[in-house]
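What follows is a single structure, written as structure tokens, with notes after it.
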Amino acid sequence: MTKILLAEDDPNLGTLLQEYLTIKGYETTLAKDGDEALTKFVQQPYDLCIFDVMMPKKDGFTLAKEVRMSDKDTPIIFLTAKSMKEDTLQGFKLGADDYMTKPFSMEELLARLQAVLRRSQKLEEQNEKVTSFKIKDFIFDSEKKTLILNGESQKLTVKESELLKLLCENIGKPVSRSIALKMVWGDDTYFNARSMDVYITKLRKFLKEDAGIQIVNVHGEGFKLVV
């Protein structure tokens, strides 16, 4: 069954949309704000996301930006009470697949949702899952959990491999501490944050053979793999 993540802070509209999509055959998870939506997103894969733009704690645009740090492909549809051209453009710059202004009909949302899913499934068929990354002279295989340099192989732990994969998928761009913690550790607690710092130090040690590769701290955001 197709899984949808719906982030909507209006309890009446959120429940109505969830019930409608469920009746139409979509397994729909409802989150009442951006923080809850991000937590649910990293807990399991979804086939499509529907994000309200104006939400407490974390707005839809910020939520989409953080989702796109770890997932470039899951389709996102924005819902907004605004019809500002600037908002629409910002949504598409963040990787939105469609944009709907409230009020809208359930039937129109369903039609657009189905069209986005069809496009997404075609792209998915064309793209193979990437498991091998070249970091200058290093070859990193996330599936085998190996980091190879000049024929010498370094075996990585599960968390080391998942963390390095996240950095490789966003090379040159900052990865937020929050999403890295939720993706790799499942929760952004203080204890897990300290643990992640240890793993970042380990990865830096593995990569120090090449001075042109760095994992740098990005103040207020997280980390970035720079080559």
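Please specify each residue of the range 183-197 satisfying the condition of being touching a helix residue (DSSP H, G or I) at 6+ places or on another chain (Cβ under 9 Å) and over 23 Å from residue 132 (Cα atoms). Passing the criteria: 186, 187, 188, 189, 192, 193, 195. With respect to the conditions (1) in the same structural domain as residue 37 (by TED's automatic domain parsing); (2) polar (S, T, N, Q); (3) touching a residue at least 60 places away in the same chain (Cβ under 8 Å), residue 121 lacks only one, and its number is (3). Condition check: in a strand (DSSP E or B), outside the structural domain of residue 69 (by TED's automatic domain parsing) and not polar (S, T, N, Q). Does residue 216 satisfy that? The answer is yes for residue 216.
Close contacts from the range 211-227, counting a first residue that is within 15 Å of residue 179 (Cα to Cα) and a second that is loosely packed, with under 13 Cβ neighbours inside 10 Å and at pLDDT 90 or above, with Cβ to Cβ under 6 Å and a gap of 6+ residues or different chains, come to 224/216.
Okay, residues lined up against (1) part of a strand (DSSP E or B); (2) on the phi < 0 side of the Ramachandran plot; (3) buried (at least 19 other Cβ atoms within 10 Å of the Cβ); (4) modelled with pLDDT of 90 or more:
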site	(1), (2), (3), (4)
56	no, yes, no, no
65	no, yes, no, no
69	no, yes, yes, no
73	no, yes, no, no
79	yes, yes, yes, yes
88	no, yes, no, no
91	no, yes, yes, no
95	no, no, no, no
104	no, yes, no, no
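The strands (runs of 3 or more DSSP E) found entirely in the range 1-54 that carry 1 or more residues being small (Gly, Ala, Ser), at pLDDT 95 or above and surrounded by 18 or more Cβ atoms within 10 Å (Cβ to Cβ) are 3-7, 27-31.
When residue 203 is tested against the conditions (1) crowded, with 19+ Cβ neighbours inside 10 Å; (2) within 27 Å of residue 46 (Cβ to Cβ), the lone failure is (2). When the range 21-70 is filtered for residues that are free of Cβ contacts under 8 Å to residues at least 24 places away in the same chain and charged (D, E, K, R), only 35 remains. Considering the range 118-193, the qualifying strands (runs of 3 or more DSSP E), each wholly inside and each with 1 or more residues that are closer than 23 Å to residue 45 by Cβ and either hydrophobic (A, V, I, L, M, F, W, C) or at pLDDT 90 or above (or both), run over 132-135, 138-141.
The values are calculated or read from the model by the stated rules, or taken from the named source; none is laboratory data. Please read these numbers as outputs of a predicted model, since none were measured by experiment. Here Cβ is always computed from backbone atoms with ideal geometry, including for glycine, and neighbour counts include all displayed protein chains.
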